[in-house]
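Since every read-out is calculated from the coordinates, none of them should be taken as a lab result. Please read these numbers as outputs of a predicted model, since none were measured by experiment. So basically every Cβ, Gly included, is an ideal-geometry build from the backbone, and we count neighbours across all protein chains shown.
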């Protein structure tokens, strides 16, 4: 199964969906899924996932740990997950008060477009 990952839970370069296997189905028609990182906490309706023709994951491969969809997306991410960091500094980012500098990242064009930056 493929479960769509909301934009707020992934970076633009990350996969738009995660692979999962059905672990159980409730009487109400909701599904419990497992992934490589664990069992998803949330139940899903039929309209929230699509069926894969290939089998990529078996029930036996799912760890017995409950995880959120966001955590699963971050662990499968090539980067740090959940988009890009921005600092919104009003100065040139000279100190560790700058969120980017504090996290050892270089400021990007989304941080402050019209200001010069020393980071």
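Here the simple spin-label model places points 7 Å from the Cα toward Cβ, and for residue 4 and residue 51 these points are separated by 1.9 nm. Here the residues 49, 33, ranked from fewest to most Cβ neighbours within 10 Å of their Cβ, fall in the order 49, 33. Legend: calculated FRET efficiency, residue 116 to residue 32, from the Cβ-Cβ distance at R0 = 35 Å, rounded to 0.05, equals 0.10. Share of antiparallel DSSP beta bridges in the range 2-76, in percent to the nearest 5? Of all bridge pairs located within the range 2-76, approximately 85 percent are antiparallel. The sum of -39500 (n - 2.57) across all DSSP H runs of n ≥ 4, divided by the residue count of the chain, sets its helix-only mean residue ellipticity at 222 nm to -2000 deg cm²/dmol. The Stokes-Einstein estimate for the range 2-76, based on a Kirkwood radius over Cα pairs and taken at 25 °C with 0.890 mPa s viscosity, is a diffusion coefficient of 195 µm²/s.
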